[in-house]
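Trainee: First the structure, then my questions, so here it is.
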Amino acid sequence: MILSDWHDRLEQTERELGLDDGFRFVYGPASTLEKGKMAFLSLNPGRAPSGTIARQVADSRGNSYEMEKSTTRSPLTDQALRCFSFFGFKPQNVMTGVVCPFRTPSWSDLSNSQRRRALALGQEFWAAPLNRQDLDLIVCCSNEAARCVTTWTSAKLEAEVSAGWGKIEISRYRTQRGVPILTLPHLSRFKLFGRPASEAAIRVLMGL
């Protein structure tokens, strides 16, 4: 994968879609696309912690959630880091990113046509990384991210259980290559990690 080519494509698509808040696909170094044993994919970037506009394919500093934990106001950062620890992975060893690379205040700020084009790029970008045979686990954060990833990997539903939070359910899928996928609601709203009932449900679902 040539990141400079992707950077040019994302800049061009951003202009064509009339967006101007920047983009990022990988919340960590590009090397995690080939070496990360766990994948964690959310929906799309929210507001940058510093208020600056970043246009980059990957974050060369390290895992973005770890790098920005002292400056961000998003509860997703803490939940993502708790998720990595829950499954026994260090942030730098997690292939972390988003299915839609373009930054917006909320998902609803994108029109249907903008979403389709952005997610088509996401499918192309993540096709090879998500189909690596040496992945141990894929975690999807948000229903939309889960729909994308399970479709892109031709995954089959294996089980669903209550998340221990009202009527919210979490699911386990498996890719054609045998990699388990855990699908979760958006963790910025539903803070499952650090909540005993929800962590117990995840253990049961994933056979931990």
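Trainee: Which whole-Hz ³J(HN,Hα) couplings does segment 200-208 yield from phi under the Karplus relation 6.51 cos²θ - 1.76 cosθ + 1.60, θ = phi - 60°, glycine and proline marked x?
Mentor: For segment 200-208, the Karplus-derived couplings read 5, 5, 5, 4, 4, 4, 8, x, 8 Hz, x marking Gly and Pro.
Trainee: Rounded to the nearest 5, what % of DSSP beta bridges with both residues in the chain are antiparallel?
Mentor: 45
Trainee: Tally the DSSP beta bridges in segment 14-100 and give the antiparallel ones as a percent, rounded to 5.
Mentor: Around 10 percent of the beta bridges assigned by DSSP in segment 14-100 are antiparallel ones.
Trainee: Between Q133 and R195, what is the label-to-label distance in nm when each label sits 7 Å out along the Cα-to-Cβ direction?
Mentor: That separation, rounded to one decimal, is 3.9 nm.
Trainee: Moving to a separate point now. Within segment 138-208, what percent of beta bridges assigned by DSSP are antiparallel, to the nearest 5?
Mentor: 70
Trainee: A further question follows. Amide H of S42 versus every other amide H placed in the peptide plane: which residues, excluding those fewer than 5 positions away on the same chain, fall under 5 Å?
Mentor: Amide H neighbours of S42: G97, V98, V99, C141.
Trainee: Before I look further, what does the chain give for accessible area per residue, probe 1.4 Å, in whole square angstrom?
Mentor: Normalised by residue count, the accessible surface of the chain is 48 Å².
Trainee: Next question, about the same structure. Could you check the spin-label model distance between S108 and R73? Points 7 Å from the Cα along Cα→Cβ, value in nm.
Mentor: So the label points at S108 and R73 sit 1.8 nm apart.
Trainee: With only Lys, Arg, Asp and Glu charged, each at its Cβ (+1 for the first two, -1 for the last two), find how big the charge dipole of segment 54-160 is about the Cα centre; round to the nearest 20 debye.
Mentor: It works out to roughly 320 debye.
Trainee: How big is the Rg/Rh ratio for segment 16-108, C-alpha atoms only, Rh by Kirkwood, two decimals?
Mentor: We get a ratio of 0.95 for segment 16-108.
Trainee: Along the positive direction of the dipole of segment 98-152 (beta-carbon charges: Lys, Arg +1; Asp, Glu -1; about the Cα centre), which of S113, C148, A128 reaches farthest?
Mentor: The one lying farthest along the dipole's positive direction is S113.
Trainee: Separate question: Starting from 0.36 nm per residue, how many nanometres of slack lie between E11 and S85 once their C-alpha separation is accounted for?
Mentor: 23.2 nm
Trainee: Are there trypsin sites (Lys or Arg not before Pro) in segment 129-205 that DSSP puts in a loop and that have at most 12 other Cβ atoms within 10 Å, and which ones?
Mentor: Here the sparse-neighbourhood loop sites are K167, R189.
Trainee: If you don't mind, there's one more thing I want to ask. Please check: in the Gaussian network model of the chain (C-alpha springs, under 10 Å), which one of F87, F125, F25 has the largest mean-square fluctuation.
Mentor: F87
Trainee: Another question, if that's okay. Using a Förster distance of 22 Å, how high is the FRET efficiency between V204 and N143, based on the Cβ-Cβ distance and rounded to 0.05?
Mentor: 0.60
Trainee: In sequence order, what are the phi-derived ³J(HN,Hα) couplings for segment 180-192 according to the Karplus relation 6.51 cos²θ - 1.76 cosθ + 1.60 with θ = phi - 60°, rounded to whole Hz, with x for glycine and proline?
Mentor: In residue order, the calculated couplings are x, 10, 9, 9, 10, x, 5, 6, 6, 9, 10, 7, 6 Hz.
Trainee: Putting +1 on Lys and Arg Cβ atoms and -1 on Asp and Glu Cβ atoms, find which of G178, I202, L192 reaches farthest to the positive end of the dipole of segment 89-208.
Mentor: L192
Trainee: Between I168 and K156, how many nm apart are label points set 7 Å from Cα along the C-beta direction?
Mentor: Rounded to a tenth, the inter-label distance reads 2.9 nm.
The values are calculated or read from the model by the stated rules, or taken from the named source; none is laboratory data. All values reported here derive from a predicted model rather than from experimental measurement. Reconstructed Cβ throughout: ideal geometry from the backbone, glycine too, with neighbour counts over all protein chains shown. Heads up: the accessible areas ignore ligands, DNA and RNA and are worked out on the full protein's heavy atoms, side chains in. Shrake-Rupley method; radii C 1.70, N 1.55, O 1.52, S 1.80 Å.
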